[in-house]
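Some notes on the structure that comes next.
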Amino acid sequence: MKQRPPRDPWWLVKYVLVSAGDGIAAGWTFLLILLWTDIGGLGRLVHNSPDGPVALFTLLLSFGVTFSYVGIGWRVMVLLGED
């Protein structure tokens, strides 16, 4: 019986962090597209609001959290091997 070389004990943590980072990048890119193309007047609403920075921060946070969970779930369910 062949022995496997020892695996990095932090590989799963790194895998989840990279997955979350990919999801955050995708979410912020999607938000940028929504704001840039002014779909539904969202870009105008954020730009013309007196609390625009707070609204933008809230959108960045919510899109980042949501898409990071999507990124983690997608990579764990689809890309993680049978190993």
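The values are calculated or read from the model by the stated rules, or taken from the named source; none is laboratory data. Predicted, not measured: the structure shown is a model, and the values here were computed from it. Don't worry about glycine lacking a Cβ; one is built from the backbone with ideal geometry, like all the others, and counts go over all protein chains shown. The protein model used for the area step is the full one, side chains on, heavy atoms only, and it has no ligands, DNA or RNA in it. Shrake-Rupley method; radii C 1.70, N 1.55, O 1.52, S 1.80 Å.
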In degrees rounded to 10, the 0-90 angle between helix 11-37 Cα long axis and the longest Cα principal axis of the chain is 20
Dividing the helical contributions, -39500 (n - 2.57) per DSSP H run of n ≥ 4, by the residues of the chain yields a 222 nm value, nearest 500 deg cm²/dmol, of -23500 deg cm²/dmol
Helix 52-74 versus the longest principal axis of the chain: what is the Cα-based angle in degrees, 0 to 90, to the nearest 10?
30
Can you match Cα Rg over 2.2 N^0.38 Å to one of these, (i) 1.02; (ii) 1.32; (iii) 1.56, based on a calculation from the structure here?
(iii)
Förster radius 35 Å - calculated FRET efficiency between D8 and L60, Cβ distance, rounded to 0.05:
0.65
L32 accessible area, assembled protein chains, probe 1.4 Å, Å²:
110
